[in-house]
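So the structure is just underneath, and the comments pick up after that.
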Amino acid sequence: MIAIRKANERGHTEFDWLNSWHTFSFGEYYNPQHMGFQALRVINDDTVAPGGGFGTHPHRDMQIITMVLDGTLEHKDSLGTGSVIRPGDVQRMSAGAGIRHSEFNHSQTEPVHFLQIWILPERDGLQPSYEQKTFAPEERRGKLKLIAGPQGDDGALTIHQDVNLYLTSLAHGETVTLSLKPGRHAWVHVATGAVALNGKSLQAGDSAAVSDETTLTLAGTKPAEVLLFDLA
C-alpha cells in the first residue's frame, strides 16, 4: 500500500525570515492524521532569509538530522560544536538527555533551504552527541546511498533507532530499487525534482507512506533528489 501526501497538503508557517512546510504536525500546525510515521516524527522543509535563524533553544530525546539543499546553515550547540552545513553535508544531533543549539543562515545575502528530520530514539536519556559528514554527488548519483543508520555502516551517520535513511540523485530515466523485508515500512520524500514511485507520480515536497510492499522502484522524471526511509 502506498499513500501519497502531496506537498500542498502539508502544514505551513511563514513570517518575515522563515518559510516552513511541515509534513507532520509541528508547532502550531496540528493534524491528528499526520503525527508521524513509525519512528519518523518530523520533516520540515525550511527556507530561512539571509541572516535569519533560530536562536538558542533546547531539545531532548530526539534524533535530529539536517540536510542543506541550497545555501549555508550555521550551527552551534551546548556540546561546544560549531559548524557550517553546505549542500552535500548531513548533520546528526542526538538530543538525548538534553542539548541546546542555534541555527542561522550563514549568509547575509542569500537564503538557505534545508530539510530537518526528527526521529524518535530507541530509548530516552541517551548521551547527547553530534556528527556531520559530507556525501559526494557521485556517491548517490543513480544509486541509493545510505546516509544514516543504526550501525553507521558504509560511512553513514549513526542514529539510535532501527531506521535506515537513503539518499539518491536521479536524472530523467534513471531508476533505483529497494527491497523491503517482511514487516518493514518505508517513507519517501522528494526533496527536489520529480520521480515515479512504483509508477505513482511524486513532485518536489511530496511524500509517500509505504506498507505491505516488497519492492520500491524510484524512476527520475525530472532531475531529483529523494530521501527514502526504511523503518521497522
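The values are calculated or read from the model by the stated rules, or taken from the named source; none is laboratory data. Please read all numbers here as calculations on a predicted model, not as lab measurements. When we count neighbours, we look across all protein chains shown, and the Cβ atoms used for this are built from the backbone with ideal geometry, even at glycine. When the accessible area is computed, the model is the full protein with side chains, heavy atoms only, and any ligands, DNA or RNA have been set aside. Shrake-Rupley method; radii C 1.70, N 1.55, O 1.52, S 1.80 Å.
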Within region 100-132, take every residue that is of a type in the set (S, T, N, Q) and surrounded by fewer than 19 Cβ atoms within 10 Å (Cβ to Cβ) and give me the one that is farthest from Ile85 (Cα to Cα). Gln127
Matching residues in region 133-153 - criterion: being open to solvent by less than 30 Å² (accessible area, probe 1.4 Å) and either of a type in the set (Lys, Arg) or assigned to a strand (DSSP E or B) (or both): Arg140, Lys145, Leu146, Ile147, Ala148, Gly149
Go through (1) surrounded by fewer than 18 Cβ atoms within 10 Å (Cβ to Cβ); (2) not in a strand (DSSP E or B) one by one and return the number of the condition Gly96 breaks. (1)
Just checking, how many residues over region 4-54 are assigned to a strand (DSSP E or B), open to solvent by 50 Å² or more (accessible area, probe 1.4 Å) and of a type in the set (A, V, I, L, M, F, W, C)? 5
Some residue of region 214-230 being out of contact with any Gly (no Cβ under 9 Å at 6 or more places or on another chain), among the β-branched types (Val, Ile, Thr), within 26 Å of Asp46 (Cβ to Cβ) and assigned to a strand (DSSP E or B): no
Residue check, Leu126 in contact (Cβ under 8 Å) with a residue 12 or more places away in the chain and within 21 Å of His22 (Cα to Cα): no
So for region 28-42 (the condition being of a type in the set (Asp, Glu) and free of Cβ contacts under 8 Å to residues at least 24 places away in the same chain), does at least one residue qualify? yes
Failed condition for Leu69, given (1) among the aliphatic types (A, V, I, L, M); (2) touching a residue at least 60 places away in the same chain (Cβ under 8 Å); (3) open to solvent by less than 20 Å² (accessible area, probe 1.4 Å), with all others met? (3)
Residue pairs meeting the criteria (Cβ under 6 Å; at least 6 apart or on separate chains; first touching a residue at least 12 places away in the same chain (Cβ under 8 Å) and under 16 Å from Leu69 (Cβ atoms), in region 8-22; second surrounded by 14 or more Cβ atoms within 10 Å (Cβ to Cβ) and basic (Lys, Arg)): Trp21/Arg10
Of the criteria (1) farther than 18 Å from Val90 by Cβ; (2) open to solvent by less than 10 Å² (accessible area, probe 1.4 Å); (3) not polar (S, T, N, Q), which one Val188 fails: (1)
Taking region 202-232 on its own, how many of its residues are closer than 14 Å to Ala171 by Cα and of a type in the set (D, E, K, R)? 2
Taking region 160-181 only, how many residues are over 17 Å from Phe37 (Cα atoms) and either open to solvent by 40 Å² or more (accessible area, probe 1.4 Å) or assigned to a loop (DSSP other than H, G, I, E, B) (or both)? 8
